[in-house]
Amino acid sequence: MEELAFVTGRRKSAEATARFFPGSGQITVNKKSIKDYFKLDRFVYEGKKPLDRVNAQNKFDIKICVKGGGPSGQAEAIRYSIAKGLALINPEYKKALKDAGFLTRNARVKERKKYGLRKARKAFQHSKR
């Protein structure tokens, strides 16, 4: 089977690597179906958004390897990697994906905790006496 594209997408601390093959629209995440991998439908829907946007649901089989982060970060990393792959395979898809915001990397990550504070910015409660 000929590989059409190999792309990586990141979000928070999650990293998704997607490989595109010609096929019937099967999406596999870490050797499981995307519906079996994600317990909630909203994460499945989030990952498939780029395919829905360009009507390419049944054109490619996509194998994804995802590491790190939680389900939300992983779903958005998958969405980004699928969008990048679609734009690479067919440049006509690029405008629709860019207009929907799928080709923009969301680089926000959790801020580190500072000493003397509870979290990154939250301080302990002040006592007047």
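Looking at this structure, is Arg79 in contact (Cβ under 8 Å) with a residue 40 or more places away in the chain, on the phi < 0 side of the Ramachandran plot and open to solvent by 60 Å² or more (accessible area, probe 1.4 Å)? Judged against the criteria, Arg79 is not a match. Among the residues of the range 111-128, is any among the polar types (S, T, N, Q), under 18 Å from the mean Cα position of the chain (by Cα) and either modelled with pLDDT under 95 or crowded, with 17+ Cβ neighbours inside 10 Å (or both)? Looking through the range 111-128, none of the residues is among the polar types (S, T, N, Q), under 18 Å from the mean Cα position of the chain (by Cα) and either modelled with pLDDT under 95 or crowded, with 17+ Cβ neighbours inside 10 Å (or both).
Could you pull out the residue among Phe6, Phe21 that is open to solvent by 100 Å² or more (accessible area, probe 1.4 Å) and part of a strand (DSSP E or B)? Let's see the steps before the verdict.
Numbers: Phe21 fails: open to solvent by 100 Å² or more (accessible area, probe 1.4 Å).
Sole residue among the options that is open to solvent by 100 Å² or more (accessible area, probe 1.4 Å) and part of a strand (DSSP E or B): Phe6.
Report, by residue number, each residue of the range 9-31 that is of a type in the set (S, T, N, Q) and either free of Cβ contacts under 8 Å to residues at least 60 places away in the same chain or at positive phi (or both).
Taking the range 9-31 and keeping what is of a type in the set (S, T, N, Q), we get 13, 17, 24, 26, 28, 30.
The answer is Ser24, Gln26, Thr28, Asn30.
Per the listing Leu97, Leu103, Leu88, Leu40, the residue uniquely over 30 Å from Glu2 (Cα atoms) and either of a type in the set (A, V, I, L, M, F, W, C) or surrounded by 11 or more Cβ atoms within 10 Å (Cβ to Cβ) (or both) is Leu40.
Checked against (1) in contact with a helix residue (DSSP H, G or I) (Cβ under 6 Å, 6 or more places away or on another chain); (2) under 18 Å from Leu4 (Cα atoms); (3) modelled with pLDDT of 95 or more; (4) not small (Gly, Ala, Ser), Val54 passes all but a single condition, namely (3).
The values are calculated or read from the model by the stated rules, or taken from the named source; none is laboratory data. Owing to the predicted nature of the structure, the values given are computational and were not obtained by experimental measurement. Positions of Cβ are backbone-derived with ideal geometry, glycine not excepted, and every protein chain shown enters the neighbour counts. With ligands, DNA and RNA removed, areas are computed over all heavy atoms of the protein, side chains included. Shrake-Rupley method; radii C 1.70, N 1.55, O 1.52, S 1.80 Å.
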